[in-house]
């Protein structure tokens, strides 16, 4: 019950931060749009009141176009950032994401940049125009996610022990319905060096990996249970006997007799 309350508090806090940052981004966009609208209203008002002629407006517009050409990259960056934040919107504040192979949590979202918090608490600033071109994995928006455990056993392990291993793993997973989905697979990957057999256990959590601490805790319990199963069934891994050649080096030079008299 306490865990549910903590989870609800964390989700509520993340939602509050997300709404706050979204509101800030909307306000920034509103100010930008308001500035453009004010300029248009001023130009139209001057034309209507006859203060400015078409020729003057044409000259001013030409100058604005020149300025726009000079800052075209800036305008492009702003436009791409707006598309990323308001149209694509691949994450919210508090989401755990993977970008360029690095796992990070979204700390803050703005019109032009997004701030991420890395696993070592380092803050990383990404321009939104750059994020627009990158694949982004979002754990919070993912369904129940899978996990794997790799291990190696002796190639001489009897088939009966392997079947008993499968049965023991199945019983453990079925005994933890709140942690694991009953769907799981034990895959025999390969036999290496004629002495060891590599296996991988594929399991599915009942959660995604947004709560990485909980995910790691469940996986640790699974690995520890595998250790106990190996011990109960006597499943081990032994190295092949190695040939050792001993080489004795004999000294060619005979040391002088320490008791010999010096002439």
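Only one of 88, 109, 104 is in contact with a strand residue (DSSP E or B) (Cβ under 6 Å, 6 or more places away or on another chain) and touching a residue at least 12 places away in the same chain (Cβ under 8 Å); which? Explain how you work it out, then say what you get.
Values: 88 fails: in contact with a strand residue (DSSP E or B) (Cβ under 6 Å, 6 or more places away or on another chain); 109 fails: in contact with a strand residue (DSSP E or B) (Cβ under 6 Å, 6 or more places away or on another chain).
None of the other options fit; the residue is 104.
Among the residues of the stretch 144-155, write down those that are farther than 18 Å from residue 207 by Cα and surrounded by 11 or more Cβ atoms within 10 Å (Cβ to Cβ). Give the steps one after another, and end with the answer.
Keep residues of the stretch 144-155 that are farther than 18 Å from residue 207 by Cα, which gives 150-155.
Matches in the stretch 144-155: 151, 152, 153, 154, 155.
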Criterion violated by residue 190 - all others in (1) surrounded by 11 or more Cβ atoms within 10 Å (Cβ to Cβ); (2) over 23 Å from the mean Cα position of the chain (by Cα); (3) part of a strand (DSSP E or B) satisfied: (1)
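Considering every residue within the stretch 126-141, establish whether at least one is more than 24 Å from residue 83 (Cα to Cα) and touching a residue at least 12 places away in the same chain (Cβ under 8 Å). Explain how you work it out, then say what you get.
The initial filter retains those residues of the stretch 126-141 that are more than 24 Å from residue 83 (Cα to Cα), namely none.
No, the stretch 126-141 contains no residue that is more than 24 Å from residue 83 (Cα to Cα) and touching a residue at least 12 places away in the same chain (Cβ under 8 Å).
The numbers here are math on the coordinates, done by the rules we state, and not lab data. The structure displayed is predicted, hence computed values, not measured ones. Here the Cβ is made from the backbone with ideal geometry for all residues, glycine too, and neighbour counts use every protein chain on show.
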